[in-house]
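Data block below; observations after.
Bear in mind these aren't lab numbers, they're just calculated from the coordinates by the rules spelled out. What you are looking at is a predicted structure, and each value in this text was computed from that prediction instead of being measured. Cβ atoms come from the backbone with ideal geometry, glycine included; neighbour counts cover every protein chain shown.
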Amino acid sequence: DARVTQTPRHKVTEMGQEVTMRCQPILGHNTVFWYRQTMMQGLELLAYFRNRAPLDDSGMPKDRFSAEMPDATLATLKIQPSEPRDSAVYFCASGLGPGNTIYFGEGSWLTVV
Amino acid sequence: KQEVTQIPAALSVPEGENLVLNCSFTDSAIYNLQWFRQDPGKGLTSLLLIQSSQREQTSGRLNASLDKSSGRSTLYIAASQPGDSATYLCAAFSGNTPLVFGKGTRLSVIA
């Protein structure tokens, strides 16, 4: 059963620490998304890759966030330094490109204290 | 810039009732619209995808319609069950702009 896999599922960290979240997209999918979900803002797009190339990261605070795809099977989202306002659920999703369904992972629940 | 709105934010219905969830979008030049379901503590599960050339899609007790000219989509759930309780989100895809999500409708079906 193909699925998007995210690690860690839960993370509690202190303000100022570096946080790295990882995502394994569904094999063969060429499009990867990072979304952040909060009660106030809902789902916000942070970054978007196609064929490992970043297409849109305009929603990501550049001073502390970075997103990469070292290879087709791994996407990473890094926060350095983390702040309490970064507390949210971070979702990775993958798909086969425009016009196709996208599939979400179970999310990484981040709490920054 | 595409904006997606879902009304109501929350809905509670008795079991067995047919119901309609609403989604509106500001940019009618969409390629497709997707409906998702999210259970508490879980990721999103895709329910239906409607291409811009389609008027509706059906899956079991679910029927989604799309009216591009008015910027609206509806998700119809027939004979609702307690297991349908979840948050339902719609998302619009416009060309190279990734999916833009509404904030969802939280549905409770009471047995």
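Summary table
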| quantity | calculated |
| --- | --- |
| Centre separation in Å (Cα based) which lies between the stretch A:50-112 and the stretch B:2-42 | 24 |
| Loop GluC sites (Glu not before Pro), the stretch A:9-113, which have at most 15 other Cβ atoms in a 10 Å radius of their Cβ (DSSP) | A:Glu14, A:Glu18 |
| Ascending count of other beta-carbon atoms within 10 Å, so fewest first, for A:Met69, A:Met21, A:Met15 | A:Met15, A:Met69, A:Met21 |
| Sorted largest first, extent of chain A alpha carbons per principal axis (Å) | 38, 28, 27 |
| Rg over Rh, two decimals, the protein assembly as shown (C-alpha only, Kirkwood Rh) | 0.97 |
| Loop sites in the stretch A:43-113: trypsin sites (Lys or Arg not before Pro), DSSP, at most 13 other Cβ within 10 Å | A:Lys62 |
| GNM result for chain B, Cα springs below 10 Å: residue of B:Arg55, B:Arg72, B:Arg37 fluctuating most strongly | B:Arg55 |
| Debye intensity ratio I(q)/I(0), log10, the stretch B:44-111, q values 0.18 Å⁻¹ (C-alpha model) | -0.75 |
| Relative contact order computed over chain A (Cα-Cα under 8 Å; 6+ residues apart), in percent | 37 |
| Charge dipole (chain B, unit charges on Cβ, about Cα centre) - positive-most of B:Trp35, B:Tyr76, B:Ile110 | B:Trp35 |
